[in-house]
């Protein structure tokens with residue numbers, strides 16, 4: 001009987017010890033980013049203090065992401081929604097947000113963070129309509145392809161995370177500072193290689209921020225207007241221009257590749273190059289790999 005009591009006491013002591021042991025560390029914030037590159041930047045700044053998911057997959061057109069119910073479920077439990085802004089996601093994100101019923105992530109709320117609001121925007125046209133194509137009147141929304149603007153966004157994001165999670169504010173700021181220095185060094189290294197000699201044609205006006213940062217010269221677009229399929233007249237003029245100026249590179253995202261781009265490449269002898277706006281990879285390393293991948297392809301490395 002004494003043995004039974006002794007064993008019972010040992011069992012109770014062991015259970016009590018388990019109860020007071022610290023629980024395994026877990027992410028404190030649940031963050032949803034609209035695009036893979038934004039998710040990578042966000043994960044780099046948040047570190048282990050957050051779980052970060054991307055609504056779009058690598059290789060999807062950021063203008064057109066299928067509105068699956070699973071995406072709304074991610075939004076429903078989000079503490080923060082990180083978007084590109086400038087109406088890039090306006091065709092598919094609002095219905096998902098409405099379905100999520102998460103008022104915390106609505107525009108203007110603490111849980112809404114548009115990266116475009118933290119950087120200097122290129123472009124923007126007043127009084128445009130659908131006849132001008134998929135023009136973004138607020139400005140070109142593909143800003144994450146500029147590493148220095150990504151660094152600016154990271155700094156602003158650290159401040160927002162500090163509001164949502166004050167306990168780890170210094171951690172977020174430290175990570176943002178380190179990431180910013182890495183991106184500044186990346187830009188300085190490639191600018192030193194003199195990429196400005198490269199003249200290119202692109203399919204869509206997705207690379208505006210990228211080419212202005214690194215000094216490439218875009219001389220034309222396969223799309224006569226954003227989102228508008230090229231006419232025979234436009235393509236003929238573009239081919240003649242490329243031949244006259246000896247343009248030997250055509251840049252296109254994987255979701256824009258098709259017979260039109262291939263036809264222009266064949267007619268001019270130019271190389272049709274896939275320049276991804278996102279690649280697989282975790283946190284900042286994935287984002288940097290994407291930027292360096294474009295540069296290496298462009299420079300033939």
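Taking the criterion of being assigned to a loop (DSSP other than H, G, I, E, B) and surrounded by fewer than 14 Cβ atoms within 10 Å (Cβ to Cβ), the residues of segment 184-198 that qualify are 192, 193, 194. All conditions in (1) in a helix (DSSP H, G or I); (2) touching a helix residue (DSSP H, G or I) at 6+ places or on another chain (Cβ under 7 Å); (3) at pLDDT 95 or above; (4) crowded, with 18+ Cβ neighbours inside 10 Å hold for residue 148, with the sole exception of (4). Counting the residues of segment 31-51 that are outside any helix (DSSP H, G or I), in contact with a helix residue (DSSP H, G or I) (Cβ under 8 Å, 6 or more places away or on another chain) and surrounded by fewer than 24 Cβ atoms within 10 Å (Cβ to Cβ) gives 1.
Scanning segment 209-220 for residues that are out of contact with any helix residue (DSSP H, G or I) (no Cβ under 8 Å at 6 or more places or on another chain) and buried (at least 20 other Cβ atoms within 10 Å of the Cβ) gives a single hit, 211. Annotation note: Cβ proximity below 6 Å between a residue of segment 41-55 that is over 17 Å from residue 177 (Cβ atoms) and a residue that is part of a strand (DSSP E or B) (sequence gap 6+ or interchain) occurs for 50/29; 50/31; 51/30; 52/31; 53/32; 54/33. Where residues in segment 66-91 are out of contact with any strand residue (DSSP E or B) (no Cβ under 6 Å at 6 or more places or on another chain) and closer than 19 Å to residue 43 by Cβ, which of them is surrounded by the fewest Cβ atoms within 10 Å (Cβ to Cβ)? Checking each candidate, the answer is 84.
Those helices (runs of 4 or more DSSP H) of segment 199-301 in which at least 2 residues are under 19 Å from residue 40 (Cα atoms), at pLDDT 95 or above and not assigned by TED's automatic domain parsing to the domain that holds residue 56, considering only elements entirely within it, cover 208-214, 283-299.
The values are calculated or read from the model by the stated rules, or taken from the named source; none is laboratory data. Bear in mind that the values here come from a model prediction, so they are computed numbers and not experimental data. When we count neighbours, we look across all protein chains shown, and the Cβ atoms used for this are built from the backbone with ideal geometry, even at glycine.
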